[in-house]
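Reading through the structure tokens given below for one structure.
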Amino acid sequence: MPRFLVFSDVHANLTALEAVLGAADGLWDWAMCLGDVVGYGPDPNEVIDRILQLNAFTIRGNHDKACCGAQYADFNPTAQAAVEWTFRQLRPDNRAWLRKLPGGPVSNENGYVFVHGSFEDEDKYLFSSEEAERSLDLAPMPVTFFGHTHVQGGFVRENGQVEAFRPTYASGELSVALALDPTVRYLINPGSVGQPRDGDPRAAFALVDPERGGVEYRRIAYDIAAVQQRMEKAGLPEPLVLRLAFGR
Ligand code: ZN
């Protein structure tokens, strides 16, 4: 069965995306993007062009909707400023591509489900075990991939108990393997490529080998300062610039 690359929340950060693609080179047969391609970062057109080049199957995130003209009144002022900047930058063809992105959940013949936020609502965050439980109940297949929180890890339900988990990297380590137990249900978050918020500023992604039943969580360092410079030049809000270095 073909191996795949799964990634989410690139948020218009081309440098982080290129680092991920370099680190994953030769290790996947197809690619899945869980949404929030744009918003926050300085490279919306470049990131969309690169994802089209990869032929990655992409579902939409809340920022993708907002940046191509949907309402975003519930966004905080910083996010709103980034949405407005992104909307102005986007080429018409890329705006049209964003508008046509399908919403999750989608599933594929390998037996996985993909959503941006949660199973029942693409805009809902799954931070706690309580929030995750409903998605674990509703998903028709044992393994669902999700994004939106920018936190690498996920949830597992074993014997009725839902537990959150996070991969733990030893210093300098780039990957953490998770063997999937076929009798257990999982929600798996590859983390965010372009704006991690789990305390590790390195770009996050995951590789999946369905044949071996394994998920490999990965991190890769990228040139954060170069992205921050482009953001400053673009006049994007300072808190968005600063947070990249902290991974928060
Ligand atoms: Zn996001």
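Is there any pair linking a residue in the stretch 139-159 that is at pLDDT 95 or above and among the small types (Gly, Ala, Ser) to one that is surrounded by fewer than 23 Cβ atoms within 10 Å (Cβ to Cβ) and assigned to a loop (DSSP other than H, G, I, E, B), with Cβ under 7 Å and at least six apart or on different chains, and which?
Short answer, once both residue conditions are applied: Gly153/Arg166; Gly153/Pro167.
Filter the stretch 95-112 down to residues that are modelled with pLDDT of 95 or more and over 19 Å from the mean Cα position of the chain (by Cα) and give me whichever is nearest to Asp36 (Cα to Cα).
The qualifying residue nearest to Asp36 (Cα to Cα) is Arg95.
Report, by residue number, each residue of the stretch 1-47 that is more than 12 Å from the ligand (Cβ to nearest atom), touching a Phe, Trp or Tyr at 6+ places or on another chain (Cβ under 6 Å) and within 20 Å of Ala82 (Cα to Cα).
Listed by number, the residues that qualify are Thr15, Ala16.
Among the residues of the stretch 134-151, what is the count of those that are buried (at least 17 other Cβ atoms within 10 Å of the Cβ) and more than 13 Å from the ligand (Cβ to nearest atom)?
Matching residues across the stretch 134-151 total 7.
Taking the residues in the stretch 57-74 that are in contact (Cβ under 8 Å) with a residue 12 or more places away in the chain, within 16 Å of the ligand (Cβ to nearest atom) and not in a helix (DSSP H, G or I) as candidates, determine which candidate is surrounded by the most Cβ atoms within 10 Å (Cβ to Cβ).
Among residues in the stretch 57-74 that are in contact (Cβ under 8 Å) with a residue 12 or more places away in the chain, within 16 Å of the ligand (Cβ to nearest atom) and not in a helix (DSSP H, G or I), the one surrounded by the most Cβ atoms within 10 Å (Cβ to Cβ) is Gly61.
From the list Ser192, Ser175, which one is more than 20 Å from Ser129 (Cβ to Cβ), crowded, with 20+ Cβ neighbours inside 10 Å and at pLDDT 95 or above?
Among Ser192, Ser175, only Ser192 is more than 20 Å from Ser129 (Cβ to Cβ), crowded, with 20+ Cβ neighbours inside 10 Å and at pLDDT 95 or above.
Check whether at least one residue in the stretch 172-189 is within 16 Å of the ligand (Cβ to nearest atom) and under 21 Å from Met32 (Cα atoms), and report yes or no.
yes
Go through Val20, Val37 for me and flag whichever is of a type in the set (A, V, I, L, M, F, W, C) and either at positive phi or part of a loop (DSSP other than H, G, I, E, B) (or both).
Every option except Val37 fails the conditions.
The values are calculated or read from the model by the stated rules, or taken from the named source; none is laboratory data. Please read these numbers as outputs of a predicted model, since none were measured by experiment. With ideal geometry, Cβ positions are generated from the backbone for all residues, glycine too; neighbour counts draw on all protein chains shown.
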